[in-house]
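Structure first, then comments.
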Amino acid sequence: MTARQQWIAWGVILTVFILMLVLLRGILLPFVAAMAIAYLLDPVADRLEARGLSRTLATLLIIALFFAAATALVLVLVPVVQHQLDNFIAHLPRYAAAFRETVLPYLQGIIGRLGIDLNGDVKQAIGSGSGQAMKVLDGLIAGLLGGGAAIFNLLSLLVVTPVVSFYLLRDWDRMVTRIDTFLPLDHAETIREQVRKIDQVLAGFVRGQMLVCLILGGFYAIGLSLAGLQFGLFIGLSAGAISFIPYVGTGLGFLVSIGVALAQFWPDWIWIAVVAGIFALGQFLEGNFITPKLVGDRVGLHPVWIMFGLFAGGALFGFLGMLLAVPVAAVIGVLTRYTLQRYRDSHLFHGGRPPAQP
């Protein structure tokens, strides 16, 4: 088989895979979620198996504990978060009015020197914008919680995902070994090396970043609640949950918290400063201790590349695309680095000159 025929064969396989992904995207969510759970928990199963437990028993124990903990967390947090979310949406017009009456006059005194009038069109825009924001949030929540597709996805996640997770986790090592036997012999070692690098990237980012999100969400939620900020639990958990998007979680959480603090505590600057200090401390701890310890510098995924992958995946495949975004970004990143290295070692880069010796 010539090199050209190999490229054609791999191109056909990749095209068929992408086509199947597009056609079946409506039913893939529970299976992708199950695969992610199995991948995340495989090291735990390996450790229990090394201690003498059978793979089946270790898998059953891990899956039972994982879903029991997830269910308990959902039952405890969802009612509280949903209540705070509903109240937050209902209070948006009041926050906008408080902003107009308290903060806006001070801003007018500063910005008025530039010839900009905040008392006219800007006030009207803020008033109408708050109403529109409430309608958008209401529609978003209704879209997430209602509709046949959402109910089907929820039921499939609750019923199908635990079963598929069990079988994938139980047979994970055997599946990897089986797939390894199908690798083309001429390129098997190269493929194994690239897969090891991809696994290193995913292990460093996915497993580590999940812990980072949990720690930050807990820190922000507890800190804002102790500070007495309204809806502090909801804002803190939301900021932590989306912290896997670089700078977005902390940035949005900070802006929303400061907005609520201004409406709630104005003109008491001390508590507004406390709210800002919570996010400053969280960002300091995350950047200097939490992320270096849990994620480290092995990831090799640029923040811009991660954000692009998440937004592109969400635009193309919705929530399923966001689940697949980081693994796909990791694969593309590793393969791109490998391709560039091969290019730098090739005659296409060096021309007629021999490659430089390392």
Residues within segment 193-214 that are in contact (Cβ under 8 Å) with a residue 24 or more places away in the chain and open to solvent by 70 Å² or more (accessible area, probe 1.4 Å), tallied: 5
Quick one: is GLY282 touching a Phe, Trp or Tyr at 6+ places or on another chain (Cβ under 6 Å), part of a helix (DSSP H, G or I), modelled with pLDDT of 85 or more and closer than 29 Å to GLN200 by Cα? yes
Is there a residue being open to solvent by 70 Å² or more (accessible area, probe 1.4 Å) and either hydroxyl-bearing (Ser, Thr, Tyr) or assigned to a loop (DSSP other than H, G, I, E, B) (or both) anywhere in segment 29-42? no
Name the residue, out of PHE219, PHE231, that is on the phi > 0 side of the Ramachandran plot, out of contact with any strand residue (DSSP E or B) (no Cβ under 6 Å at 6 or more places or on another chain) and modelled with pLDDT of 80 or more. PHE231
Would it be correct to say that ARG174 is open to solvent by less than 90 Å² (accessible area, probe 1.4 Å), in a helix (DSSP H, G or I) and more than 20 Å from LEU324 (Cα to Cα)? no
Considering only segment 238-254, how many residues are assigned to a helix (DSSP H, G or I) and surrounded by fewer than 19 Cβ atoms within 10 Å (Cβ to Cβ)? 4
I need a count of the residues in segment 304-318 that are closer than 22 Å to THR250 by Cβ and open to solvent by 40 Å² or more (accessible area, probe 1.4 Å). 5
Filter result for the condition that a residue is over 23 Å from LEU29 (Cβ atoms), at pLDDT 85 or above and aliphatic (A, V, I, L, M), over VAL195, VAL163: VAL195
Selected residue [out of contact with any strand residue (DSSP E or B) (no Cβ under 6 Å at 6 or more places or on another chain), more than 21 Å from LEU324 (Cα to Cα), among the hydroxyl-bearing types (Ser, Thr, Tyr) and surrounded by fewer than 19 Cβ atoms within 10 Å (Cβ to Cβ)] from SER225, SER257: SER225
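The values are calculated or read from the model by the stated rules, or taken from the named source; none is laboratory data. Everything quoted here is computed from the prediction, not taken from an experiment. Backbone-built Cβ (ideal geometry, glycine too); neighbour counts: all protein chains shown. Calculation scope for accessible area: heavy atoms of the full protein, side chains included, ligands and nucleic acids excluded. Shrake-Rupley method; radii C 1.70, N 1.55, O 1.52, S 1.80 Å.
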